[in-house]
Every structure is written in C-alpha cells, then in structure tokens.
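S.K.: Attaching a single structure in structure tokens format; questions to follow.
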Amino acid sequence: MKKSYSQRQKRIESRGDRIFSGVNAAILILLCIVTLYPIWYVLCASFTSNTYLVSHPGMILWPHEFTLGAYKLALTHPLLLSGYKNILIVLCVSLPINILLTLFTGYFMASKKMMFKPVIQFLILFTMFFSGGMIPSYLNIRSLGLYNSLFALILPGAVSVYNSIICKTAIEAMPDSLMESAYIDGANDLTILFRIVAPLIKPTMAVLLLYYGVGHWNSWFNASIYLQDNNKLPIQNIMRAILIANSNVLNSAAAENDQVNQFAEAIKYATIILTTVPVLCIYPFVQKYFVKGVMIGAVKG
C-alpha cells in the first residue's frame, strides 16, 4: 500500500513538473517571438518595395516584391561610408584606452595597501552620481581644443566607473597568495597587473570590451554636440539622419536623386540593418565569455 502511494505521488509530481515545464516553455517562446519579431520585421521591410510598405501597413512575415534597391542606394551614399570609417577609428583608438584605464582603476580599487585609497576611491565613485552637466562639458571640450574632433568622442569617456567596479570584483576574486608570492619574487605592480592579473581575468576583459564597444557604436548624442563637420559623424548619427525625414544631413546629397522617393521608406529599414548587423556578428564570438565574466566574484565561498 505504501509502495503504490509513493509511486502515485511520484506520478503526480512528475505530471506537475511537465505542466510547469510546458507552460514555462510556452511563455519563453512567446517572449522570444515578441523580442525577435521587430528585428525580423525590419529585415523583411528592408527587402520589400516601398509601394507595398506604404499601401500595406501592419505585420510583415516575409519580404514582398523583393528588391535590393534600398541597400544599393544606402551603400552608395558617401556619408554612410564615412560614418563607418569614423566609428571604426573611434573603436580602434578608444577601446585600448578604455581597457587599459579600466584595468588600472580596477587594480587600484582592489588593492589593499594603497596610500589614500579611501579618499581616492570615494572621488572615483562620486563621479557615478554627480556630473558637471552638458554645458560645462561642452565648454570643457572647446577649451581643450577637442571641438569638431573625433577625440571629443574618445577622451571624455575613456573610463567607466561601473566597468571599473566589475574589473575590481574580478580581481578581488583572485587568491591573494598569487600576488603575495609575486611580491616576494620581486615583481612590481605593473608586472603583477599585466602578467598575472590580466591573463586570469580575460573573460571579464572580454565582457568589458563588449560593453565599451557597444557603447561607442550606439553613441550619437555626443557626436551631435561636439562634431560640426558632417564627414566626421559616426554611423549612428548617419542612421538617425536617415530616419528623420526632414534631416538636412543626408538630403543635401541625396535629394536630387529620384531613387530616394522610390525607396524612401525601405531605405530606413535597410540603414538600420546595416548599422546593426556588425554588432550582431561580433556578439557570438564574445558570448562564451559573457556569463563567466559577469559571474566572476559574484559568489564567494
């Protein structure tokens, strides 16, 4: 009697588990559809003719009247190519600076025997909550001679306090015996930082590299304030100019082309795809480090 009762209880529990798993899977699938459909819509709309987009507003499940005209028109625009060039320059120059300064800041905040550490650490954390504001930042950029220069997009955001805290947490998760043994062997802080700490926190560095890279790629506000020359605008500002119909940034060169009216709607979606695909292509190569890098130091035993 006891055996049959326990077996019946297991069957009831397993059936409940299956129901829970089924409901959970259905909810997750629904969330995936809701999340992915906007991307799928933009992709399909970029290959759809402008006449169909105007005459059939609503859901699009596949491209209608397939055409590559929007992509051809977008790729031939000089400002789009210069936007890619400018953002690549910003990334190539800023990312090494970002990672280096973040590594220095994280190592300092994780060190236990530094002079004036509480005061300096307080000043570093203070910048997370308070800033000078947009007008003082603009005046500061002008006084430093960075106005209308790509360095105005690189130097002001050279280090992120939030990312430095992530780096600090990863360094604190390392055994103290590693650094102590290196000190005994005569290694200085730079040797320990670049030969011991940096190789051991590569997953965290990969995550921070992704954070900084995506931040620079998506940034457009600072460029719209500090850059006056249209040829120096990064790709996100070019995309924003395309999405705004009455923008003079792109219309100055494209309004004379009759093809603009033919692909006026589809070119917006094509530009979104052209500016989003590079990040989507890079993310899978960093994904294997993402969870590991974020979770380092989160659990201590």
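S.K.: May I ask you to say which residue of Thr35, Thr48 is in contact with a Pro (Cβ under 6 Å, 6 or more places away or on another chain), under 22 Å from Thr275 (Cβ atoms) and hydroxyl-bearing (Ser, Thr, Tyr)?
M.R.: Thr48
S.K.: Mind listing whichever residues of the stretch 185-223 are assigned to a helix (DSSP H, G or I), farther than 29 Å from Leu150 by Cβ and either at pLDDT below 85 or of a type outside the set (A, V, I, L, M, F, W, C) (or both)?
M.R.: Hits for the stretch 185-223 are Asp189, Thr191, Arg195, Pro199, Pro203.
S.K.: Residue by residue through the stretch 125-174, note down the ones that are among the hydroxyl-bearing types (Ser, Thr, Tyr), in a loop (DSSP other than H, G, I, E, B) and more than 29 Å from Leu200 (Cα to Cα).
M.R.: Ser131, Tyr147, Ser149
S.K.: On the given criteria, is Ala45 in contact with a helix residue (DSSP H, G or I) (Cβ under 8 Å, 6 or more places away or on another chain), more than 30 Å from Asp229 (Cα to Cα) and at pLDDT 75 or above?
M.R.: Yes; evaluated as a whole, the condition is true for this residue.
S.K.: Tell me yes or no: at least one residue of the stretch 147-158 is more than 23 Å from the chain's Cα centre (by Cα), assigned by TED's automatic domain parsing to the domain that holds Met205 and not small (Gly, Ala, Ser).
M.R.: Yes: one or more hits.
S.K.: Give the residues of the stretch 50-84 that are free of Cβ contacts under 8 Å to residues at least 12 places away in the same chain, exposed (fewer than 13 other Cβ atoms within 10 Å of the Cβ) and either part of a helix (DSSP H, G or I) or of a type in the set (S, T, N, Q) (or both), sorted by residue number.
M.R.: Scanning the stretch 50-84 gives Ser55, Thr76.
S.K.: Next question. Being farther than 18 Å from Ser94 by Cβ and in contact (Cβ under 8 Å) with a residue 60 or more places away in the chain, is that true of even one residue in the stretch 205-218?
M.R.: Scanning the stretch 205-218 turns up no residue that is farther than 18 Å from Ser94 by Cβ and in contact (Cβ under 8 Å) with a residue 60 or more places away in the chain.
S.K.: Right, here's the next one. For the stretch 185-209, how many residues meet the condition of being among the polar types (S, T, N, Q) and surrounded by fewer than 16 Cβ atoms within 10 Å (Cβ to Cβ)?
M.R.: 2
S.K.: Assess whether Ala182 counts as being assigned by TED's automatic domain parsing to the domain that holds Ser149, assigned to a loop (DSSP other than H, G, I, E, B) and surrounded by fewer than 19 Cβ atoms within 10 Å (Cβ to Cβ).
M.R.: Answer is no for this residue.
S.K.: Still on this model: Condition first: among the hydroxyl-bearing types (Ser, Thr, Tyr) and either surrounded by 15 or more Cβ atoms within 10 Å (Cβ to Cβ) or within 23 Å of Leu210 (Cβ to Cβ) (or both). Now tell me which residues in the stretch 98-146 satisfy that.
M.R.: The answer is Thr102, Thr105, Tyr107, Ser111, Thr127, Ser137, Tyr138.
S.K.: Residues that are touching a Phe, Trp or Tyr at 6+ places or on another chain (Cβ under 7 Å) and at pLDDT below 80, at least 3 per element: which helices (runs of 4 or more DSSP H) completely within the stretch 224-301 meet that?
M.R.: none
The values are calculated or read from the model by the stated rules, or taken from the named source; none is laboratory data. Computed from a predicted structure; not experimentally measured. All Cβ positions, glycine included, derive from the backbone under ideal geometry; neighbour counts span all protein chains shown.
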